[in-house]
1. Step by step: first the residues of the stretch 67-85, then only those that are surrounded by 15 or more Cβ atoms within 10 Å (Cβ to Cβ) and charged (D, E, K, R), then the one that is farthest from residue 30 (Cα to Cα). Which residue is that?
2. Quick one: would you say residue 97 is farther than 21 Å from residue 131 by Cβ and out of contact with any strand residue (DSSP E or B) (no Cβ under 8 Å at 6 or more places or on another chain)?
3. Working carefully through the options 58, 99, 64, find the one that is of a type outside the set (A, V, I, L, M) and either farther than 27 Å from residue 24 by Cβ or under 12 Å from the mean Cα position of the chain (by Cα) (or both).
4. Kindly indicate which of 13, 9, 86 is assigned to a loop (DSSP other than H, G, I, E, B), of a type in the set (D, E, K, R) and closer than 17 Å to residue 131 by Cβ.
5. Filter the stretch 18-36 for residues that are modelled with pLDDT of 85 or more and surrounded by fewer than 17 Cβ atoms within 10 Å (Cβ to Cβ); which is nearest to the chain's Cα centre (by Cα)?
6. Show the residue pairs meeting these rules: Cβ distance below 8 Å; 6+ apart or different chains; first residue within the stretch 94-106 and among the basic types (Lys, Arg); second residue part of a strand (DSSP E or B) and at pLDDT 90 or above.
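The values are calculated or read from the model by the stated rules, or taken from the named source; none is laboratory data. Bear in mind the structure is a predicted one, so any value in this text is a computation, not a measurement. Cβ: placed from backbone, ideal geometry, glycine included. Neighbour counts: every protein chain shown.
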Amino acid sequence: MAFPFLSDEWIDEAQRIRAEYAGRAPGAQVALRANVVVTAVLGEPDRVEGYLDTSGGGLDLGLGSLPDPDVTVTLEHSTARSLLVEGDVQAAMAAFLGGRIRVDGDLTRLLTIQAGAAPVDPVVGEVFTRLREITA
């Protein structure tokens, strides 16, 4: 079954998929604590706030925000969908260069992760495939 990207149902299903793959994906190479704010979301609410934290070696994701993050990334719904569902890092870079992504905080930490990114692990590719399957 497919759900609108970032709807409550989509988030619930994405978290279930993440739990299914826990421990199978490679560990984080760089510690990062980031808040992510997605704007221009269709429907209510019109923005979604979430976080990711790799400081413990794994990937902790959730709704809400972290205190004292390294960075806060604000981006539009369509850009978030390209990055989080399609895994399209190039689209994210183009959006950043075009001013459609705002980064507050330690930009160098964020760029270090991008520079050190390895080719997509097969398990990570599988997760992106599953996310595409649940996204309407």
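1. Only one residue tops the list, namely 76.
2. Values: farther than 21 Å from residue 131 by Cβ: yes; out of contact with any strand residue (DSSP E or B) (no Cβ under 8 Å at 6 or more places or on another chain): yes.
So residue 97 fits the description; yes.
3. Working: 58 fails: either farther than 27 Å from residue 24 by Cβ or under 12 Å from the mean Cα position of the chain (by Cα) (or both); 64 fails: either farther than 27 Å from residue 24 by Cβ or under 12 Å from the mean Cα position of the chain (by Cα) (or both).
Going through 58, 99, 64 in turn, the sole match is 99.
4. Values: 13 fails: assigned to a loop (DSSP other than H, G, I, E, B); 9 fails: assigned to a loop (DSSP other than H, G, I, E, B).
The conditions single out 86.
5. Going through the qualifying residues, I end up with 19.
6. 100/75; 100/76; 102/73; 102/74; 102/75
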